[in-house]
Amino acid sequence: AKSQQRAGHFYFSRNMGVEIRERVRMMHALRTAFSQHELFLMYQPQIDLATRRPVGAEALLRWRTRDGKFVSPDRFIPIAEYSGLIIEMGEWVLRTACAELVRLRAAGHRAFTISVNVSQVQFRHPQFLPMLRQALEETGAPPEYVELEITESMAMEEPHLLVEMLAEVRRTGVKVAIDDFGTGFSSLSHLQRLRIDRLKIDRAFVTEITGSSRGSSIAEMVIQLGRNLGLSIVAEGVEDERQAQVLYHLGCPLAQGFLFARPMTAEDLAAWLAGEARQ
Ligand code: C2E
Ligand code: CA
Ligand code: CA
Ligand code: CA
């Protein structure tokens, strides 16, 4: 038993070593990739379910390594957060998305919003607000067409700090959406105090609505909650027409998902929007 324990312990720590080394390796690779401009943004359109017209797009970060492999943001964002690189990277994302918004507006897409994901680490950084104001000013992006997506888990932590931060963000004119909504347990009163603009229903609950289980779904409750608070609501991860129909009938005004469009490059987005406008 003793030797087994020891063997088990050895195995465990050796694995930890591998994991840490892998993380450090990825941290270096990510830093290099970022400085060599190997990261880029893709944009996924958001659609008005009543008119089926695009109303905005979410900027999604992509990392394509030299050998052509894509690393998922779910893997590299935590590393960027852990290493602090997210501060620089997040600023670049915001500026790039704002610049893209300005270009799209110049091409005639004037009622179009760009949504940018903001990490908790970024949002908590003391320079976040000055950075945001400067990015808006230098790119010339109209704040009311810029939206920040913060996750529900972030929205639940440190309520006082968050209430204050959101009030300041609001003063810039920028909109705020709560991402992955439904996965946490925000209370109604908490949400009211936050004064956000939009809720994004997590894909897991969208997938659920056309499932076999009867009764009111989480998506339905989120839509009701959002409507009662006078918020805009976007359903994410809409993959088929039935989901779009159900959501629309439940009162969800906006949607995003593979049914309408996959995330695309800035160039493709401009072409796609031009095509949509001609229809
Ligand atoms: P998220 O913010 O919840 O983004 C939505 C994810 O769902 C995206 O994955 C998108 O490609 C995917 N998606 C959209 N429509 C569909 C659909 O119909 N079906 C399915 N199966 N998936 C769909 P992605 O791009 O891999 O991003 C994963 C997460 O990484 C994002 O989740 C977000 O939390 C984070 N992320 C991405 N870009 C950034 C960024 O610039 N900054 C920060 N802080 N986080 C980011
Ligand atoms: Ca998001
Ligand atoms: Ca989401
Ligand atoms: Ca997510």
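Coordinate-derived values only; no laboratory data. The structure presented is a predicted model; accordingly, all values stated were derived computationally and were not measured. Please note: Cβ atoms are built from the backbone with ideal geometry, for glycine as well, and neighbour counts cover all protein chains shown.
The table for this structure:
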| read-out | value |
| --- | --- |
| Potential extension, Gln224-Arg124 segment - 0.36 nm per residue separation minus Cα distance | 33.0 nm |
| Kirkwood Rh and Cα Rg combined as Rg over Rh, evaluated for the range 212-279 | 1.07 |
| Mean projection area, nm², convex hull over Cα of the range 145-279 | 9.3 |
| For the range 14-92: Kirkwood Rh in Å [reciprocal of mean 1/r, alpha carbons] | 14.3 |
| Neighbour-count ranking [beta-carbon atoms within 10 angstrom, fewest first] of Glu149, Glu157 | Glu157, Glu149 |
| Proxy reagent accessibility, fewest Cβ within 10 Å first, across Arg52, Arg21 | Arg21, Arg52 |
| 5 Å binning of all Cα-Cα separations within the range 108-220, expressed as whole percents from 0 upward | 2, 10, 20, 22, 17, 12, 9, 5, 2, 1, 0 |
| Angle between the chain longest axis and helix 159-172 axis [Cα atoms, degrees, rounded to 10] | 50 |
| Most mobile of Gly90, Gly226, Gly251 in a GNM of the chain (Cα contacts under 10 Å) | Gly251 |
| Projected area, mean over directions - the range 82-121, Cα convex hull, nm² | 2.8 |
| Cα gyration tensor shape of the range 162-203, rounded if a/c is under 1.5, else prolate or oblate by comparing a/b with b/c | oblate |
| Residue with peak Gaussian network fluctuation, the chain [Cα springs, cutoff 10 Å], from Leu247, Leu161, Leu199 | Leu161 |
| Within the chain: Cβ-based charge dipole about Cα centre, in debye rounded to nearest 20 (Lys, Arg +1; Asp, Glu -1) | 500 |
| For the chain, diffusion coefficient by Stokes-Einstein and Kirkwood Rh (Cα), 25 °C, 0.890 mPa s, µm²/s | 121 |
